[in-house]
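The block underneath contains the structure these notes are about, expressed in structure tokens.
The values are calculated or read from the model by the stated rules, or taken from the named source; none is laboratory data. Please read these numbers as outputs of a predicted model, since none were measured by experiment. Cβ: placed from backbone, ideal geometry, glycine included. Neighbour counts: every protein chain shown.
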Amino acid sequence: MVLTNFTVIGGSASQSLAKNLANKLDANYIKTDVRIFPDGESKVIIGGKPTGKTIIVQSAYPPIDSNFIQALSLISKAKETSSQVFAVIPYLCYMRQDKEFLSGEIVTSTVIAKMLKAVGASKIVTVDMHSELAIKYFDVPIRNISAVSKLASFFKKLKLKDPFVVAPDLFWAPQAKQFAKILDTESTAINKQRNRKTGELEIKQSQKRDFDGRDIILVDDMISTGGSIVKATEYLKRQNCGRIYAACTHALLVDDAEKKIRDAGVLKIISTNTIPGKTNAVDVSDILAKSL
Ligand code: R5P
């Protein structure tokens, strides 16, 4: 695919993905450097002057605020010399804060939307945004692409025993269904509830399914603390299932999440490269390229 006059700039959080994307688009690539000062401020250094249409690639995973402000800085700088700036933020932070769940809570996804517009983003591209509810807060065009079929295609190549696809909460039931369709199998969703004050998770009575001896693929948009996957794993193991795999688009895996998930009995965690890490098995650069 050749797009003339496109420049890709890889932010510090997404250098490798940005290079893959530049290759797919046959675009110029500009690298960046970042210095983090002792107080946590970041100084971003850009290795060239972009012109024409510019694509900034910078995922906003932890340290979230730092990576996000670097994205804003890059967009703002690119806007000075480019005709259009496309902000590719594969993991878009704060999208779980899409409404006022408890009185007084600030809906920070609206603030993210305002900031991206203010610095000059012409279009935003993200992957499996936590909540499409937040799309209405964006005044600039936003494209939310899904990595579900790519994740499912990865699992299709594995030799799984009569796989069953399970979403650890009702929210991702449609994506679990889509995943299962690619594997030509069934799916279900667990009724997980989170206490908004304490953050504690509880599994409410879920529809009874026969998991006996069947391999399970737990699918979710993100794994953060691992709490949701651990709860779902405990629930499924009580029902005598086979091996358990966890698939997600965004593997934030904060603190010892990975260990907790493995200790609970998950055999393997598979993620995309929206957040670089050792669980990455699926490259999203081709679906990003198609969306631009
Ligand atoms: C929640 O609605 C999300 O889809 C994830 O299930 C959740 O954010 C994962 O967080 P954690 O790994 O901390 O349970």
Evaluate the following for SER12: is it in contact (Cβ under 8 Å) with a residue 40 or more places away in the chain, assigned by TED's automatic domain parsing to the domain that holds LEU116, outside any helix (DSSP H, G or I) and crowded, with 24+ Cβ neighbours inside 10 Å? no
Does at least one position in region 51-58 carry a residue that is without any contact (Cβ under 8 Å) to a residue 40 or more places away in the chain and among the small types (Gly, Ala, Ser)?
-> no
Of (1) of a type outside the set (A, V, I, L, M, F, W, C); (2) more than 24 Å from HIS130 (Cβ to Cβ); (3) surrounded by fewer than 20 Cβ atoms within 10 Å (Cβ to Cβ), ASP215 satisfies every one except (3)
Note on region 204-235: residues in contact with a Phe, Trp or Tyr (Cβ under 6 Å, 6 or more places away or on another chain) and within 16 Å of the ligand (Cβ to nearest atom) are ILE216, ILE217, VAL219, ASP220
- Query: Somewhere in region 201-211, is a residue in the same structural domain as ASP162 (by TED's automatic domain parsing), of a type outside the set (S, T, N, Q), under 22 Å from LYS161 (Cα atoms) and at pLDDT 95 or above?
  - Reply: no
Those residues of region 242-251 which are in contact with a helix residue (DSSP H, G or I) (Cβ under 9 Å, 6 or more places away or on another chain) and of a type outside the set (Val, Ile, Thr) amount to TYR245, ALA246, ALA247, CYS248, ALA251
When restricted to ILE89, ILE145, ILE112, ILE124, the only residue under 23 Å from ILE275 (Cβ atoms), in contact with a Pro (Cβ under 8 Å, 6 or more places away or on another chain) and touching a residue at least 12 places away in the same chain (Cβ under 8 Å) is ILE124
Out of (1) assigned to a helix (DSSP H, G or I); (2) over 16 Å from PHE171 (Cα atoms), the one ASN240 does not meet is (1)
Within region 190-199, residues more than 12 Å from the ligand (Cβ to nearest atom) and either assigned to a strand (DSSP E or B) or free of Cβ contacts under 8 Å to residues at least 60 places away in the same chain (or both) come out as ASN191, ASN195, THR198
